[in-house]
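I have placed the structure first, in the form of structure tokens, so that the comments after it can refer back to it.
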Amino acid sequence: AVVVSAEDVWKSYDDETIQVLNGVDFEARAGQTVALCGPSGCGKSTLLHLLGGLDHPTRGRVTVNGKPVGDGQGSLHLLRHEVGFVFQLHNLIADLTLEENCLIPTVAAGTSRSVALERLRQLTERTGLTHRLKHRIQKLSGGERQRTALCRALMNRPRILLADEPTGSLDERTSRQIFDLLLELVATEGITLIMATHDHGLAQKCDRLVEMRDGRICESSLT
Ligand code: ADP
Ligand code: ADP
């Protein structure tokens with residue numbers, strides 16, 4: 001089944017003077033891992049933001065689990081439960097602890113504290129962060145921060161994970177390790193992964209590779 005789709009999606013800024021996406025058609029199936037590749041500025045982040053409802057297309061339609069994204073509160077509620085995000089610069093709050101950071105999205109989703117803590121225990125065990133639960137983010141290494149961001153993104157058990165250069169700030173060895181961990185987690189939980197990357201080594205490990213150029217998809221292939 002198709003879980004995420006973009007149909008003839010266009011995006012421009014500043015009254016159409018900046019054209020970023022020029023008619024993108026894209027879909028991802030349940031449990032698939034998809035790498036979005038292409039040069040810097042080709043529109044990968046913009047497409048991810050639209051797929052996750054963080055921004056609106058200028059034209060065209062985005063659906064998540066068959067429902068159109070962008071029609072108000074119902075849509076936000078859906079997205080909060082269905083979609084998780086991981087960013088290049090983890091976007092964690094530096095002077096809060098790992099536990100506090102990871103609980104934030106569960107509060108917004110209305111999950112009870114005990115259920116949230118149990119989920120966090122499970123995720124930190126799988127990512128090797130159990131001993132870091134009560135540590136502030138500023139005390140963690142780059143790799144630990146990215147693993148924390150991964151835990152946070154998975155707290156609400158999303159079916160879809162959108163990742164924007166999720167290991168882009170790390171050295172190559174750490175980047176490989178964390179990406180393997182990410183793939184293992186999404187496989188275990190049957191999550192659909194859509195990841196923007198310019199690292200073809202990482203892209204090759206995904207089921208599908210989608211190449212973008214100048215705001216268009218120019219090639220899509222199985223790896
Ligand atoms: P990528 O992720 O492939 O590097 P982006 O989606 O981040 O590409 O950016 C695509 C283009 O859109 C870039 O030229 C960027 O400068 C432009 N852009 C992104 N966001 C905005 C914005 N809010 N206002 C104006 N231009 C933007
Ligand atoms: P903007 O803030 O760009 O002017 P709107 O005013 O149209 O966007 O957004 C209205 C509300 O919908 C805001 O609370 C915003 O956070 C939220 N929202 C923005 N994009 C989406 C989307 N794609 N799907 C669902 N809700 C969205």
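Things worth noting here:
- Label sites at residue 141 and residue 40, each approximated as a point 7 angstrom past Cα along Cα to Cβ, lie 2.6 nm apart.
- Whole-number D in µm² s⁻¹ for the chain, Kirkwood Cα-pair radius fed into Stokes-Einstein, 4 °C, 1.567 mPa s: 73 µm²/s
- Here the spin labels are modelled as points 7 Å beyond Cα on the Cα-Cβ line, and at residue 17 and residue 100 they lie 4.2 nm apart.
- Its relative contact order, with pairs defined as Cα atoms under 8 Å and 6+ residues apart, puts the chain at 31 percent.
- Protein heavy-atom surface of region 79-188, 1.4 angstrom probe: 51% of the accessible area is carbon and sulfur, with nucleic acids and ligands not counted.
- Rule-of-thumb Rg ratio for region 117-179 [Cα; 2.2 N^0.38 Å; N residues]: 1.10
- Selection from 143, 155, 175 lying farthest towards where the dipole of region 119-186 points positive, charges on Cβ: 155
- Packing around the peptides 183-195, 45-57, taken as the average count of other Cβ atoms within 10 Å per residue, puts them in this order, highest first: 45-57, 183-195.
- With a cut-off of 20 Å on the backbone N, the residues of region 1-25 near the modelled label site 7 Å out from residue 65 along Cα-Cβ are 1-7.
- Among residues other than residue 115 with Cβ under 15 Å from its Cβ, the summed charge is +2 (Lys and Arg +1, Asp and Glu -1).
- Most mobile of 172, 82, 100 in a GNM of the chain (Cα contacts under 10 Å): 172
- Region 87-129 residues near the modelled residue 187 label - backbone nitrogen below 13 Å, point 7 Å along Cα→Cβ: none
- Using 0.36 nm per residue and subtracting the Cα-Cα separation, the extra length available between residue 80 and residue 115 on full extension is 10.9 nm.
- Taking amide hydrogens as placed 1.01 Å from N in the peptide plane, the amide H of residue 29 sits under 5 Å from those of 3, each at least 5 positions away in sequence or on another chain.
The values are calculated or read from the model by the stated rules, or taken from the named source; none is laboratory data. Bear in mind the structure is a predicted one, so any value in this text is a computation, not a measurement. Here Cβ is always computed from backbone atoms with ideal geometry, including for glycine, and neighbour counts include all displayed protein chains. Ligands, DNA and RNA are stripped out before the accessible areas are found, and what is left, the full protein with its side chains, is counted by its heavy atoms. Shrake-Rupley method; radii C 1.70, N 1.55, O 1.52, S 1.80 Å.
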